[in-house]
Structures are given as structure tokens and as C-alpha cells.
Amino acid sequence: ATVRMYADRKQMNLDEVKVNLSLDWDNQKNTTRIVRQVEFVANLTAEEKARLLEIANKCPLHKILSNPIQIATSMVEP
């Protein structure tokens, strides 16, 4: 959604964005690795594609998943 909004605002000729995700879990290191492949279906220059990839890396969800996450859990009594 972030890439689409940026491309529309900049009037880029972007037809479609395709994203393929895969997850790799490493139980020994207790880590999760997300592999993301992005395809821009469009008539764009290499510079425009590079800029769209930068924008994809700045989307709110990417920022959340790229930084340490702390989860605070509490119980609510009725």
C-alpha cells in the first residue's frame, strides 16, 4: 500500500506490485528470518525501481518487523 500510494503521488507508471514472502525459523539461534521478493510490474527506469524499493523498506510494517519488539502482557481481572 505504501509503494502504491508513493507511485500514484509521483505519477509513476506502476501497474502492479507482486510480493513473495517466506519465513525461516532457526530454533537453535531463536531467530526468524523473513525473505521478501518484490516485483514491480511497470514501465519504470532502474532509478524509479530502486526508489520504490527504498519506499517499501520504509513502510510501517517493515519498520515494526525490523526493530526489536517488546511484548507486555498483563491479565485483567473481571
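The values are calculated or read from the model by the stated rules, or taken from the named source; none is laboratory data. Model, not experiment: these values are computed from the prediction. Cβ atoms come from the backbone with ideal geometry, glycine included; neighbour counts cover every protein chain shown. For accessibility, only protein heavy atoms count, side chains too; no ligands or nucleic acids. Shrake-Rupley method; radii C 1.70, N 1.55, O 1.52, S 1.80 Å.
Please compute the net charge surrounding LEU65, taking Lys and Arg as +1 and Asp and Glu as -1 over other residues with Cβ under 13 Å from its Cβ. Numbers along the way, then the final one.
Details: positive: ARG33, ARG36, LYS58, LYS63; negative: none.
Summing Lys and Arg as +1 and Asp and Glu as -1 gives +4.
How large is ³J(HN,Hα) for each residue in segment 14-26, as worked out from phi by the Karplus curve 6.51 cos²θ - 1.76 cosθ + 1.60 (θ = phi - 60°), to whole Hz, x for Gly and Pro?
9, 7, 7, 10, 10, 10, 10, 10, 9, 10, 10, 9, 10
Using a 1.4 Å probe on the protein heavy atoms, what percent of the accessible area of the chain belongs to carbon and sulfur?
Within the chain, the accessible surface is 51 percent carbon and sulfur.
If you put +1 on each Lys and Arg Cβ and -1 on each Asp and Glu Cβ, how big is the dipole of segment 27-76 around its Cα centre, in Debye rounded to 20?
220
How high is the relative contact order of the chain, in percent, with contacts defined as C-alpha pairs under 8 Å that are six or more residues apart?
On the way: 67 pairs, mean separation 21.7, N = 78.
28 percent.
Using the heavy atoms of the protein chains alone and a 1.4 angstrom probe, what is the accessible area of segment 38-78 per residue in square angstrom? Walk me through the numbers before you get to the answer.
Numbers: 3510 Å² over 41 residues.
Normalised by residue count, the accessible surface of segment 38-78 is 86 Å².
Using +1 at the C-beta of Lys and Arg and -1 at the C-beta of Asp and Glu, which of ALA50, THR31, THR73 has the Cα lying farthest in the positive direction of the dipole of segment 27-77?
THR31
So if we plug the beta-carbon distance of HIS62 and GLN11 into 1/(1 + (r/R0)^6) with R0 = 30 Å, what FRET efficiency do we get, rounded to 0.05?
Result of the calculation: an efficiency of 0.80.
Check the straight Cα-Cα distances from LYS58 and name the lysines below 20 Å, setting aside those fewer than 8 residues away within the same chain.
Counting by Cα, and skipping residues close in sequence, LYS58 has these lysines nearby: LYS10, LYS18, LYS49.
For the chain, what number results from the quotient of the Cα radius of gyration and 2.2 N^0.38 Å?
Relative to the 2.2 N^0.38 Å estimate, the chain comes out at 1.50.
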